[in-house]
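The values are calculated or read from the model by the stated rules, or taken from the named source; none is laboratory data. Source: prediction; values computed, not measured. Virtual Cβ from ideal backbone geometry, glycine too; neighbours counted across all protein chains shown. Just the protein is used for accessible areas: all its heavy atoms, side chains included, with ligands, DNA and RNA removed. Shrake-Rupley method; radii C 1.70, N 1.55, O 1.52, S 1.80 Å.
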Amino acid sequence: MNVFRKIAATGVFLAAAAGAFAQSRNFEIGQWEEIGDRIYKELERSYVDSLPVGRMKRAAIDAMLESLDPYTVYVPEEENEDFQMMIGKTYGGIGAVIYKPEKDGPVYINEPYAGSPASRAGLVCGDCILEIDGQSTAGLETKECSDRMKGKPGTEVLFKVRKVRGGEVMDVRVTRERIHLPDVEYAGMINDTTGYILQTGFTENVSQAVRQAVTRLKDEGMKLLVLDLRGNGGGLLQEAVGIVSVFVPKGSTVVTQKGRGREEICFKTTLDPVDTETPMMVLVNGSSASSSEIVAGALQDYDRATIMGQRTFGKGLVQSIRPLPFNGQLKVTTAKYYTPSGRCVQAIDYSGRNEDGSVSFIPDSLTHEFRTAGGRPVRDGGGITPDISVSDEQYSRLVYSLVLNGIVEQYAFSYVQAHDAIAPVEEFHLSDEDYAAFVTFAKEKEFDYRSDAKAYFDQMKKKLEEDGMADAVKEELDALDKAINLDKERFLNLKKDEIIPFIEEEIVVRYYFQEAGIRLRLRYDKQLEEALRLYRPVVM
């Protein structure tokens, strides 16, 4: 058989195999559709109670998508507003966080955003909202109050307000706007030569905000730039490309997208850079994901920045939004992305699930080595590994409990009600008397104040009881329990230095808005301090 006949025969075989595979898949799909339809009809005919059809269908859709990966989700029309807030940080409203301590009581302004309609209307932390458009807030849930404040931009909402200063009751009319929470939450000089940008998301136009911030910081004398992506869970891929374009030559490849059965899509920078030479540090941690990893990976691959902190999350999947009937949407994983050196940072193999349905991380032994532009080795398969590791700051179990249970936030709210003004951010410090007041406040609240040691001890004691061994070591257990079981007041005072920064931050944002909280947080940022001490430019 000559070469042409061999090629023709091979083509016929491949076409036949493809056709057989397609028929097999079509049969399998039809089989399951028929089974599902038959089950539903049998339930409709035989089930003891009437069927909650909507709930059943939604549960079936959610379970089907959940079996693929956590990022492929169905969004019905009624959840579109929350979805837009999640992916775009935008909503129609007045621009304020509210606080409702009791359902039967009023709602309070907790934190208006800088420059928001609420702030421009004179609403401040502690103002009590008695009515919203004539409806008393007493008896409403927090979400009901929030929903009444939100609405189409350009529409008005009327509040009856009791002012925190002076107690005057007055009507306040506010025009709703499209509220966008900024992704560049802070950009400034943290010393004479170091510029700092805190970026918390990748929504529309954030790359332009970064570009403007870098330009301004250069004018202010920046000799080193810190781009802080810690905790940044990602967002729009195009915005990641735009941010990289600030720092590398025009036409540089930033990321390559590869989907099933599709050609590769290569995203390159299309704008002239602002700065390709100023030394640069990118701070990341285990919560830096997706677009954060695209930026960090590209800057690492081009040897443009020193990546510092902890290994990133490892989300190398791309999602797209598809319209569905009845104004629903499907957010579906359509591709994987690869950094300029060829790395895919995806850490979990969702396609190769274990027999019990669980997923596994890709082991280091199965990762591959790649090379940066300057020849440095980097690896795939598990996020972006920093060039220089810097430990995350660790907090006690008590601090997490105080924050997650809202104790710190509640105290800050009461503090604002009692203080007309505070010192400027750089001068503000919580006094010993104020911390003592916090301890008194927190003592009266219900929260789990056990130390890590006490929590582990309680688990161990429970296991000993289950194994029938507790009585045999009762004397030792009682002695150890007494030694590690600090009362609430004593433990709060023991952790004073750890707790105070959280209280101070919650207080200053209520007088000077969110940027003030970040400036105060920088005062206590030990990981950033250590990163600046350890920083070394990339050696190519």
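Here are the numbers for this structure:
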quantity: Other-chain or far-sequence residues with amide H under 5 Å of Gly92's (modelled H); calculated: Gly151, Ile179
quantity: Largest-first ordering by accessible area, 1.4 Å probe, given options Met189, Met281, Met469, Met170; calculated: Met469, Met170, Met189, Met281
quantity: For the chain, calculated [θ]222 nm from helices alone, where every DSSP H run of n ≥ 4 adds -39500 (n - 2.57); calculated: -12500 deg cm²/dmol
quantity: Ranking by accessible area, most exposed first, for His419, His180 with a 1.4 Å probe; calculated: His180, His419
quantity: Under-5 Å amide H pairs with Cys125, H placed in peptide plane, nonlocal only; calculated: none
quantity: Viscosity 1.306 mPa s, 10 °C: Kirkwood-radius Stokes-Einstein D of the stretch 267-355 over Cα pairs, µm²/s; calculated: 104 µm²/s
quantity: GluC sites (Glu not before Pro) within the stretch 205-310, DSSP loop, no more than 13 other Cβ atoms inside 10 Å; calculated: Glu220, Glu263, Glu264, Glu277
quantity: Considering only the chain, percent of DSSP beta bridges that pair antiparallel, nearest 5; calculated: 75 percent
quantity: Solvent-accessible area of Leu271 with every protein chain in place, 1.4 Å probe, in Å² to the nearest 10; calculated: 90 Å²
quantity: Percent of alpha-carbon pairs separated by more than 16 Å within the stretch 299-419; calculated: 75 percent
quantity: Whole-number accessible area per residue in Å² for the chain, which is evaluated in the context of all protein chains at 1.4 Å; calculated: 55 Å²
quantity: Electrostatic dipole magnitude of the chain [Cβ: Lys, Arg +1; Asp, Glu -1; Cα centre; debye, to 20]; calculated: 1980 debye
quantity: Under 12 Å from Lys57, Cα to Cα: aspartates and glutamates that are on another chain or at least 8 residues apart; calculated: Asp37
quantity: Cα-only Debye scattering, the chain: base-10 log of I(q)/I(0) at q = 0.12 Å⁻¹; calculated: -1.38
quantity: Whole-Hz couplings from phi, Karplus 6.51/-1.76/1.60, listed for the stretch 168-180; x for Gly and Pro; calculated: 5, 9, 8, 8, 10, 9, 10, 8, 5, 9, 6, 8, 10
quantity: Tilt relative to the chain, helix 291-301 - C-alpha long axis, 0 to 90 degrees, to 10; calculated: 70 degrees
quantity: With all protein chains modelled, accessible area of Glu465 [1.4 Å, Å²]; calculated: 110 Å²
quantity: Accessible area of Glu77 in the full protein assembly, 1.4 Å probe (Å², nearest 10); calculated: 100 Å²
quantity: Phi-based couplings in Hz for the stretch 233-250 (Karplus 6.51, -1.76, 1.60; Gly and Pro marked x); calculated: x, x, x, 6, 4, 4, 6, 4, 4, x, 6, 4, 5, 5, 10, 10, x, 4
quantity: Radius of gyration and Dmax over the Cα atoms of the stretch 298-337, both given in Å; calculated: 16.4, 48
quantity: Pairwise centroid distance, computed over Cα atoms, of the stretch 343-380 with the stretch 169-204, Å; calculated: 35 Å
quantity: Cα lying deepest toward the dipole's positive end in the chain, options Leu492, Ser245, Ser451, charges on Cβ; calculated: Ser245
quantity: Amide proton proximity set for Glu204, modelled H, under 5 Å, gap of 5+; calculated: none
quantity: Restricting the stretch 328-436 to trypsin sites (Lys or Arg not before Pro) in coil, as DSSP defines it, with at most 15 other Cβ within 10 Å; calculated: Arg353
quantity: Heavy-atom accessible surface of the chain: percent carbon and sulfur, 1.4 Å; calculated: 53 percent
quantity: Gyration tensor (alpha-carbon) shape descriptor, the stretch 410-540, a/c threshold 1.5; calculated: oblate
quantity: Magnitude of the charge dipole, the stretch 98-175, Cβ model with Lys/Arg +1 and Asp/Glu -1, debye to 20; calculated: 200 debye
quantity: Under Karplus coefficients 6.51, -1.76 and 1.60, residue-wise ³J(HN,Hα) of the stretch 256-261 in Hz, glycine/proline x; calculated: 10, 10, 10, x, 5, x
quantity: Set Lys454/Lys495; Lys258/Lys315; Lys315/Lys526; Lys454/Lys474; Lys152/Lys331 screened for pairs whose C-alpha atoms are more than 18 Å apart; calculated: Lys315/Lys526; Lys152/Lys331
quantity: Candidates per trypsin sites (Lys or Arg not before Pro) in the stretch 223-322, loop by DSSP, up to 15 other Cβ within 10 Å; calculated: Lys223, Lys250, Arg260, Arg262
